[in-house]
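First comes the structure, then the notes that go with it.
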């Protein structure tokens with residue numbers, strides 16, 4: 001209904017251009033720039049001209065392979081075993097360093113291995129740290145997205161009661177959201193320290209049974225500790241989104257289900273949950289995108305350590321693009337990250353589509 | 001019977017409040033600890049972690065950590081930088097994004113739909129995936145200032161402000177809100193001969209209090225809490241914002257009391273602001289969800 005009154009190309013562009021121009025310049029251009037840069041050897045500051053290198057950056061980032069290593073045998077053909085009775089294997093570097101028989105493994109390093117019979121299966125990659133960062137990020141997302149979404153829903157149901165002073169509780173649950181994640185990370189670094197608050201609280205609750213541990217210094221607990229803290233900080237955000245979803249459900253549906261004599265669980269299962277469908281998709285996508293962007297917590301708390309157990313994809317992108325000034329390497333990581341985020345949000349949208 | 005059931009109800013009500021309060025403690029204890037510790041000398045701070053004293057203002061209470069924090073780092077400068085960058089960005093963002101939203105909703109023009117789809121598409125691009133190419137981009141951009149022509153935006157206020165003014169979410173919020181305003185009002189003003197700028201300033205914006213509050217709060221939180229971007233584009237102390245300024249406290253020796261004082265200084269004003277405008281803060285987060 002293009003009315004004459006509201007048709008104006010000049011005014012339309014004049015109003016939209018300042019905002020759109022900035023957005024195009026600082027979001028759209030760098031987005032496409034990332035794809036281009038990832039195909040070059042661009043550095044932040046370099047005396048040499050930039051060259052086009054094709055897919056080299058992706059090759060060195062993503063090359064991964066499984067190497068089967070047979071145990072060493074003695075002259076009689078028997079497997080050589082050490083004191084514990086385990087077979088002895090030739091070192092991985094004999095395959096990956098200057099071995100003309102295995103050019104495909106050149107320059108790769110061991111990530112992890114498993115055994116099938118006496119054969120050792122060794123996963124080797126050119127960029128082991130990147131693969132670790134990918135694994136850590138996926139583990140983070142796989143735990144944080146469902147757990148945080150579920151806790152947030154629980155809190156929203158709790159807050160959605162008609163009780164006096166309930167708004168005070170809602171305000172408190174939401175409070176960590178307005179605190180910077182940098183501040184939160186530093187604070188929790190202290191809570192997680194060996195002499196820190198968490199160990200004292202756990203010690204007191206278990207009457208001294210619990211022995212303190214250095215949560216962030218141990219590769220087995222560091223990422224878990226960061227997951228717990230991240231959930232604590234952001235859960236209020238998603239509680240509020242669930243709450244606004246809950247409030248769109250018509251009260252008459254609840255009245256009907258109470259007249260029918262439905263139990264609390266039945267009411268949740270057949271009234272509340274179906275009404276939250278769209279909210280669920282949104283919460284899941286938002287949490288997933290936020291979780292993939294994991295950076296500040298790592299930078300403030302662990303710097304990726306110990307033993308790369310907390311390094312993440314964004315941390316690697318920044319480490320390379322900024323730390324090592326390797327813009328092209330950092331851009332390649334950014335592109336990989338974007339493609340993963342895009343794929344996952346498309347899958348989520350597909351799985352939760354309207355039937 | 002009646003007495004028993006009302007007792008039961010009282011008990012159930014009490015249980016509910018106990019549960020709510022226990023959960024509230026989980027969310028609040030680190031913040032209480034932060035504020036209390038900021039008044040304590042390091043030795044006592046560490047000793048107190050083993051008891052409930054960690055959450056109480058007891059023992060040797062003083063403002064010494066605050067004085068020491070100011071001596072260790074140019075805290076005032078960092079706060080000034082953050083307030084300046086946040087304030088200017090929020091204001092410019094409200095102006096330019098609302099203008100864009102106004103144009104998309106009330107005006108018909110060529111290219112409108114394509115531009116709007118591009119803006120919506122940027123919502124699925126996390127900033128973290130463009131930070132590195134953007135770093136290269138801003139390091140090459142020219143600038144004409146009072147000192148004349150220069151190349152490269154690193155280490156400046158503008159590098160912290162200009163890339164953050166326009167974003168898809170803010171424009172989208174304005175578009176959604178403007179769609180619900182009565183169109184007749186705008187067309188009537190047109191008939192009366194008002195210019196588009198007059199309609200924007202005198203008709204539309206005065207009706208847009210709620211969405212302005214929402215957009216301002218969201219932008220404020222993003223800008224004040226910035227970390228990754230200033231970390232990679234600002235190395236000079238002169239332009240450093242509060243969150244990046246933290247690194248001072250970890251050089252040489254870690255003085256936890258001073259860190260807690262610094263954290264309290266940069267956090268409590270925001271928390272106070274939040275508690276006063278609590279409803280608006282929560283409504284602004286909720287509105288990012290409802291219409292998405």
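The values are calculated or read from the model by the stated rules, or taken from the named source; none is laboratory data. Computed from a predicted model, the values in this text were never measured in an experiment. When we count neighbours, we look across all protein chains shown, and the Cβ atoms used for this are built from the backbone with ideal geometry, even at glycine.
A few points about this structure:
Let's see how each residue does on (1) assigned by TED's automatic domain parsing to the domain that holds residue A:332; (2) more than 22 Å from residue B:272 (Cβ to Cβ); (3) buried (at least 17 other Cβ atoms within 10 Å of the Cβ):
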site	(1), (2), (3)
A:150	yes, yes, no
A:165	yes, no, no
A:170	yes, no, yes
A:189	yes, yes, yes
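- Residue within the range B:223-246 that is assigned to a helix (DSSP H, G or I), without any contact (Cβ under 8 Å) to a residue 60 or more places away in the chain and either within 30 Å of residue A:245 (Cα to Cα) or over 25 Å from the mean Cα position of the chain (by Cα) (or both) present: no
- When the test is whether a residue is out of contact with any strand residue (DSSP E or B) (no Cβ under 7 Å at 6 or more places or on another chain) and on the phi > 0 side of the Ramachandran plot, residue B:225 does not pass it.
- Only one entry in A:217, A:203, A:212, A:196 is assigned by TED's automatic domain parsing to the domain that holds residue A:159 and crowded, with 19+ Cβ neighbours inside 10 Å, namely A:196.
- Boolean, residue B:285 is modelled with pLDDT under 85 and either surrounded by 21 or more Cβ atoms within 10 Å (Cβ to Cβ) or in a helix (DSSP H, G or I) (or both): yes
- Hey, residue B:57 under 20 Å from residue B:269 (Cα atoms) and more than 11 Å from every other protein chain (Cβ to nearest Cβ) or not: yes
- Of all the listed residues (A:294, A:253), the sole one being surrounded by 13 or more Cβ atoms within 10 Å (Cβ to Cβ) and closer than 21 Å to residue A:347 by Cα is A:294.
- Reported count of residues in the range A:178-217, each being more than 9 Å from every other protein chain (Cβ to nearest Cβ), assigned to a helix (DSSP H, G or I) and within 25 Å of residue A:305 (Cα to Cα), is 5.
- The selection criterion, being in contact (Cβ under 8 Å) with a residue 40 or more places away in the chain and farther than 26 Å from residue A:337 by Cβ, holds for residue A:157.
- Looking at the range A:240-355, the helices (runs of 4 or more DSSP H) lying wholly inside it that each contain 3 or more residues that are at the interface with chain B (Cβ under 9 Å from one of its Cβ atoms) and within 24 Å of the chain's Cα centre (by Cα) sit at A:277-292, A:296-301, A:313-318, A:327-351.
- Scanning the range B:45-63 for residues that are surrounded by fewer than 17 Cβ atoms within 10 Å (Cβ to Cβ) and touching a residue at least 12 places away in the same chain (Cβ under 8 Å) yields B:56, B:57, B:59, B:60, B:61, B:62, B:63.
- Among the helices (runs of 4 or more DSSP H) confined to the range B:101-187, the ones with at least 3 residues that are free of Cβ contacts under 8 Å to residues at least 12 places away in the same chain, under 26 Å from residue B:216 (Cα atoms) and at the interface with chain A (Cβ under 10 Å from one of its Cβ atoms) are located at B:112-121.
- One residue stands out in the range A:12-27 among those that are surrounded by fewer than 20 Cβ atoms within 10 Å (Cβ to Cβ) and within 7 Å of another protein chain (Cβ to nearest Cβ): the one that is nearest to residue B:172 (Cα to Cα), namely A:18.
- Strands (runs of 3 or more DSSP E) lying entirely in the range A:28-128 (those with 2 or more residues that are more than 14 Å from chain B (Cβ to nearest Cβ), in contact with a helix residue (DSSP H, G or I) (Cβ under 8 Å, 6 or more places away or on another chain) and in contact (Cβ under 8 Å) with a residue 60 or more places away in the chain): A:64-69, A:119-125
- Unique residue being outside the structural domain of residue B:38 (by TED's automatic domain parsing), modelled with pLDDT of 90 or more, crowded, with 21+ Cβ neighbours inside 10 Å and within 30 Å of residue B:106 (Cβ to Cβ) when the list is B:218, B:207: B:218
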